[in-house]
Amino acid sequence: MGKKLNRIGLLTSGGDAPGMNAAIRAVVRTCTHYNVECVGIYRGYQGLIEGDFMLMNARSVNNIINKGGTILKSARSDEFRTKAGRKKAYESIKEGNIDALIVIGGDGTFTGAMKFNKEFDFPVIGIPGTIDNDIFGTNFTIGYDTALNTVVEAIDKIRDTASSHNRLFFVEVMGRDAGFIALNAGVGAGAEEILIPEENLGLERLLESLKKSKRSGKSSSIVVVAEGDKTGKNVFELADYVTKNLPEYEARVSVLGHMQRGGSPTCFDRVLASRLGVKAVELILDGKTNLMVGTINNKIEMTDLEKAIKGHHSIDQELLRVSDIMST
Ligand code: F6P
């Protein structure tokens, strides 16, 4: 271990994700293990600017491994996006005697951490926590697995009613810029078609595929649509478009929304959060900075924050092919 640090700050920022609490628990308890103080920072970067801090210890994180959300609260701080805001944050971090920062979140969180590190040469380590799984340098982000299971459970229920009424359902799932939830949950729930931001499959193809489903004897169908899909139509417009062109279909829309961000984390997310939390503290104690800790092929790997944000975590073409064959 390198130079001794006395106090590590910890925050969660951006969209919350199930498993963030398990990561908080892991960071706090690892700090205790190494005799370092851990300061919880409330409401992400906004709380950092305002000095909304609380000293934590191993007992502050009792019974949270199973809880969704984040006990530290989260926010998307506009002020921290400005240089003046970051300067205020630096002043309050100095006042709080914090020597290094661990941030749990997605690309917006890492962008903020990177700027903060560049401007003030302040040590930062990132832990990927977002349901979207859109971070380069890790196969899985904390919260993604739980969100997938939540979506699959919801679509299973929708399928029951779709099949009873011989209906076509358009189910919108989260993913403004990424189709990981749509593609994986879509395959897991047996969706007939999956529309994602990374590929424009086209409206014609959607109509063709639905016609084919009808011809093959299917009486109900599920189309999973990521928020940011590339057809240029939102989920309601898509449903209208399809029923105008294929009047034999009775369509309904279901927007799953923020329920995808809640709930008790799966075992996978709890274990991932625990591993990443321990490693994040160890990296700081080792004098490392500006890195994100993730897992690749189940091994802990480090990636520069800049690469984690800018690198392309591409969609699984094999899975698209599987989805295609399964919709036969
Ligand atoms: O956390 C990522 C995400 O879940 C996106 O998939 C979604 O578009 C966005 O957050 C919505 O966030 P909010 O409603 O908190 O602004």
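The values are calculated or read from the model by the stated rules, or taken from the named source; none is laboratory data. Note that this is a predicted model, so its numbers are computed, not measured. Positions of Cβ are backbone-derived with ideal geometry, glycine not excepted, and every protein chain shown enters the neighbour counts. The accessibility values were calculated without ligands, DNA or RNA, using every heavy atom of the protein model including side chains. Shrake-Rupley method; radii C 1.70, N 1.55, O 1.52, S 1.80 Å.
Annotations for the structure displayed:
- Residue within segment 236-244 that is in contact with a helix residue (DSSP H, G or I) (Cβ under 6 Å, 6 or more places away or on another chain), surrounded by 15 or more Cβ atoms within 10 Å (Cβ to Cβ), touching a residue at least 40 places away in the same chain (Cβ under 8 Å) and of a type outside the set (Val, Ile, Thr) present: no
- Within segment 92-111, tally of residues that are of a type outside the set (S, T, N, Q), within 15 Å of the ligand (Cβ to nearest atom) and open to solvent by less than 20 Å² (accessible area, probe 1.4 Å): 5
- Counted as qualifying within segment 236-328 are the strands (runs of 3 or more DSSP E) with 1 or more residues that are at pLDDT 95 or above and assigned by TED's automatic domain parsing to the domain that holds GLY106, namely 291-296, 299-304.
- Residue satisfying all of: in segment 69-88; away from the ligand (no atom under 16 Å from the Cβ) and open to solvent by 20 Å² or more (accessible area, probe 1.4 Å); nearest to ARG43 (Cα to Cα) among these: ILE71
- Test: residue in segment 159-170 that is open to solvent by 40 Å² or more (accessible area, probe 1.4 Å) and within 16 Å of the ligand (Cβ to nearest atom): no
- Within segment 213-233, being in contact (Cβ under 8 Å) with a residue 12 or more places away in the chain and either assigned to a helix (DSSP H, G or I) or away from the ligand (no atom under 16 Å from the Cβ) (or both) holds for SER213, LYS214, SER216, LYS218, SER219, SER220, SER221, ILE222, VAL223, THR231, LYS233.
- PHE136 meets all of the listed conditions (1) in contact with a His (Cβ under 6 Å, 6 or more places away or on another chain); (2) open to solvent by less than 40 Å² (accessible area, probe 1.4 Å) but one, namely (2).
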